[in-house]
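Any read-out appearing in this document is the output of simple, stated calculations on the displayed coordinates, not a laboratory observation. Since this is a predicted model, take the numbers as computed values, not measurements. All Cβ positions, glycine included, derive from the backbone under ideal geometry; neighbour counts span all protein chains shown.
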């Protein structure tokens, strides 16, 4: 549970999102709703799920209350303690501090920036970090700082990863988005960013892992191509899946046409995953995700 | 709240579905979850929604408990009374007594019967009632009683409606499904079956109301055709929508080809709506439906 | 048939698109393919359709040849004359001169400009014309001239339409795109732009014509919302449909959330329609469109 | 090219489907359309494709003519000979002689039989052959002969395969459909049925090959599940793909619920593939299929 003092809302603020995970058992909902009542709160949205795979209970609540963070936390404390809950309390709509990693492809970065600007994506992007300079103007248009460092060998790759970690620290980054960043992260970096780095893979996983998925898709003659947003792990393209979409294609499409057709699915799949994550709708249940849409 | 003594489960049965509707306000979830705890229950599924249009609160719970109906009702009584709840308690999976009305088209009836037999649709169908005899063998294959009465004029139409109402009474019918029944019900019958009759309309409503929707769709040159399952009201094709699906078509399809293509969407849309209704997942909020999928 | 001298391809250019419409009859394909052979051409893509509604024959060919426009036209002349064909010959991939009309909404304009820049949309946009100034920077970023004129009364509305017509003339515009331009065009302007103006309507037509379709959709409780790209005619939202898409929504979405959700469908539906039009894939068959995808 | 004397149409029959495959080159369309003209024919449907992977040209025509098979073949002979075409001429709508293999699952068999009966699937099914007896009544209801032979060991499996081959011979079977037949065919049988056996696999291939794909899909946490109809080859689940569909699922679905949800996609995907094959719309291009929808 990270506490973010700087973002504690003023007295007038009163819409909270609460997520919690614990071992399932009777009385949890009653205990939590009791704490909400005690804090003068009203539950405006509530979703729950019990995993039969892991025996864990997952819940996401939105709560309206005049209470501040301290009061609400105090009311919740006995319950979360009793059930050893993994929990998180945040203000609904607070922009998530998000670092974007990119290479040359513009479509995913463009979609993220456009939607952030349009007020449809609750993120704050302090930096776009790329191994190419080609997206500098795009970032600039949206007023987002941009930095590029070439990655050409092991040393420059290591330097890039150091830069990533420094940026995460400098900006207190909560989410790292690989928006068609075409480098494989080292196991150490994957570990450091576990549970807070999202990648978009340009295939319908688990089909066509690794390089050139559209070429693979063309060769196999699939009738639908897709995109998969997933958490980054050191096991390439095997991280927990957050969202997937597909689009129909036919025999007449070349591999390079598939690349163009697939871009829409990539953009909207990644943006959707980032939006859900920023709204605290994505919880991890082992190798699977719980999505409280 | 209808009580069904004959279906009160034995002591070993312990999975309940509870739906409730009331004016929204603070503390409802806590009060209900408290009643569940008092009855020794565990909430295995929970969904809620507050309608900003009508100010009403909707909830659906699945509850596992060793308590019988009496105990559970006793525990809930103070809460439902205090909040003047419209509520319904039933056994999860109990087959809903469902009357099917048909004409000559087989696809929707076939889908309902096949799925009921396959254990995927929790309904008991005591009778298929048709204004034609052509589906007799199909019903017979699935062991479902079938009766046909010709509808050729006002008198025979009235007689058919009398037969419908008698069947509803005889079999204590909880749901009437118009599975491509090609007669318009009288306002009186619509009134009598309000909230418990579902029709499938072969268009994506509100487009192409009334007769020959596929002909209308062809003439208008739409690129998607659809089907809509909705509650029957006396206002033709204007009842609350439960489910809709569409399928892509192109210029090369004639109106009669649209008829064939659309059948899949009709079947699956109607069956889906019936399934949700039978599982107590469909609640009415004025002219709209709440679907707790 | 418009001849565009300035764009006649150089000798090295040899990929043509040919569309033709005529009364159906035997031997047309043979006659046309004979003309192609005579011009030393190879057919790389071919689609045809005979409309049973209007008895007309539609064809789209892509032809590779070393022949120039004059030679190809000479070879085709006897055939198109004999069958009184409505025909059009163009260079594959030539950017269509496209005027964009906009108001305040950015998503459709952004999608058009981004894809044009990304090389995925064969249009040249000489001007974005708006009744508001808010999209000036966006157009500027993509290097597209932008002009705004307020529309506040009948006189300013008339002036705006005069400006549209002048822009069409100045830039020899082949297509006018109403990218969420929130003004109804006068019947005279609709007439002047007949067959070369495309609008995006934010509903699944013919449902929810006119103003505030998302509010209508919310009130009606539909389970899918959509967008429709269609030719502009003086009969509001009744022009021939080019493309439609839908997306699933549920009861929990407010009318304003539908607005946000629907934007994706609007953008991609409009861009798709523009792309097909620019590629000569959209032919008119009365009130319906033939789309040679 | 198989000639089916018994099915040569009477003089009044005059709607033909012609498919042809050859090395691409100039003048093919003109030559073929010339032969059609020579036979007094009119082309009512035409699709073509040139594969850049294999350099082959594929075409499917529907031709209306008063000419009989002999006349049409005579007119086509010089062209198909000159271009060494692999070709096939058949009567539009002629029911394809189709052997159905099944095990215990009813949904695919039910869909095939229902649609065949409803006149939506141009097949004649002389026999359903199963390794279980449970679908006997279903086949019987549709008037289709049914035979079951247990498969419990290598010997009974071999006997079953002998029975398949005998049935193919006896009924001059043109297509073998594995409608959730849960046995792996021997390499020899795959070879014998090459290009005329279609299987439905209950996953979105190439993901989740082999056994228990829904269990694999649940474990991997995919957000869409699917079904794939493909030609049977000795390389398990690797045959050319004919059709695929997917349906959205979420974290709340158990592996066994995925089984139920996926059945719809399996049925419609398999039936669609069989329909296209029976209509001569499926052509092979190496490991890929050309589908002339």
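Could you give, in nm with one decimal, how far residue B:104 is from each other copy of that position, shortest first, with labels 7 Å out from Cα toward Cβ?
Taking the point 7 Å beyond Cα along Cα→Cβ, the inter-copy spacings are 4.0, 5.5, 6.3 nm.
Enter the mean number of other protein chain beta carbons within 10 Å of the beta carbon of each residue in B:220-232, as an integer.
Mean shielding by partner chains, rounded to a whole number: 5.
In a Gaussian network model over chain D where Cα atoms closer than 10 Å are linked, find which of D:111, D:235, D:280 has the largest mean-square fluctuation.
Result: D:235 has the largest fluctuation of those listed.
Which of D:52, D:124, D:171 moves most in a GNM of chain D, Cα contacts under 10 Å?
D:52
If you average the alpha carbon positions of the range B:117-180 and of the range A:34-85, how far apart do those two centres end up, in angstrom?
49 Å
Need one number for the range A:5-163: average projected area of the convex hull over its C-alpha atoms, nm².
Working: hull surface 50.8 nm².
With the hull built on Cα positions only, its mean projection is 12.7 nm².
Could you tell me which of rounded, prolate or oblate describes the range D:187-237, using a ≥ b ≥ c as the square roots of the eigenvalues of the alpha-carbon gyration tensor, with rounded for a/c under 1.5 and, failing that, prolate when a/b is larger than b/c and oblate otherwise? Working shown, then result.
On the way: a/c = 4.00, a/b = 2.48, b/c = 1.62.
Prolate shape, in that a/c is at least 1.5 and a/b is the bigger ratio.
From zero up to wherever the largest Cα-Cα distance of the range A:5-91 sits, split into 10 Å bins and tell me the percent of pairs in each.
17, 53, 25, 5, 0
For the protein assembly as shown, what value does the Rg/Rh ratio take when both radii are computed over Cα atoms and Rh is the Kirkwood radius, given to two decimals?
Rg/Rh for the protein assembly as shown comes to 0.96.
Within the range A:196-240, which residues have the backbone N less than 11 Å from the label spot 7 Å out from residue A:182 along Cα→beta-carbon, could you tell me?
A:212
What shape does the range B:211-293 take by its C-alpha gyration tensor, where a ≥ b ≥ c are the square roots of the eigenvalues and a/c under 1.5 counts as rounded, a/b above b/c as prolate, and the rest as oblate?
Note, shape of the range B:211-293 comes out prolate.
If you line up the long axis of helix D:107-117 against the longest principal axis of chain D, both from Cα atoms, how many degrees apart are they, to the nearest 10?
40 degrees
Quick check: the angle from helix C:69-82's long axis to the longest principal axis of chain C, C-alpha only, nearest 10 degrees?
Once rounded, one gets 90 degrees.
In whole Å, what are the extents of the range A:75-206 along the principal axes defined by its C-alpha atoms, from largest to smallest?
Largest to smallest, the principal-axis extents are 53, 36, 35 Å.
If you draw the axis that swings chain A onto chain B, which residue of A has its Cβ closest to it, and how far is that in whole Å?
Spelled out, residue of A and its Cβ distance from the axis onto B: A:33, 3.
Of all DSSP beta bridges located in the protein assembly as shown, what percent are antiparallel, nearest 5?
Working: 154 of 218 bridges.
Expressed as a percentage, antiparallel bridges in the protein assembly as shown total about 70.
Quick one: of the DSSP bridges fully inside chain A, what percent are antiparallel, nearest 5? Before the final figure, lay out the partial values.
On the way: 38 of 54 bridges.
Antiparallel bridges: around 70 percent, rounded to the nearest 5.
Counting only helical runs of four or more DSSP H residues, what would the 222 nm mean residue ellipticity of chain B come to if each run contributes -39,500 (n - 2.57) and the total is spread over all its residues?
Per the formula, -10500 deg cm²/dmol.
I want to check the label-to-label distance for residue C:166 and residue B:219. Put each point 7 Å from Cα in the C-beta direction and report it in nm to one decimal.
According to this spin-label approximation, the distance is 4.3 nm.
For chain A, calculate the relative contact order in percent as a whole number, restricting contacts to Cα pairs under 8 Å that are 6 or more residues apart.
Value for chain A: 15 percent.
Given label points at 7 Å from Cα along Cα→Cβ, what nm distances, shortest first, separate residue C:255 from the same residue in every other copy?
For residue C:255, the other copies' label points sit at 3.5, 4.9, 5.1 nm, shortest first.
Explain nothing, just the number: relative contact order of the range D:68-125, from Cα pairs under 8 Å at least 6 residues apart, as a whole percent. Present the calculation step by step, with values, prior to reporting the outcome.
Numbers: 26 pairs, mean separation 20.2, N = 58.
With pairs under 8 Å counted, the relative contact order is 35 percent.
For the range D:136-293, how big is Rg over Rh, using alpha carbon atoms and the Kirkwood form of Rh?
0.98
Let me check I have the definition right: for chain B, take the eigenvalues of the Cα gyration tensor, multiply each by 5, take square roots. What are those semi-axes in whole Å, largest first?
Values for chain B, descending: 36, 23, 17 Å.
Relative to the longest principal axis of chain A, what angle (0 to 90°, nearest 10) does the C-alpha long axis of helix A:154-170 take?
For A:154-170 against chain A, the angle is about 30 degrees.
Pick from B:220, B:281, B:60 the residue whose mean-square fluctuation is largest in a GNM of chain B, springs joining Cα atoms under 10 Å.
B:220
Nm distances between the label at residue C:235 and the same-position labels in the remaining copies, 7 Å along Cα→Cβ, shortest first?
Distances to the matching label points in the other copies: 2.6, 5.5, 6.0 nm.
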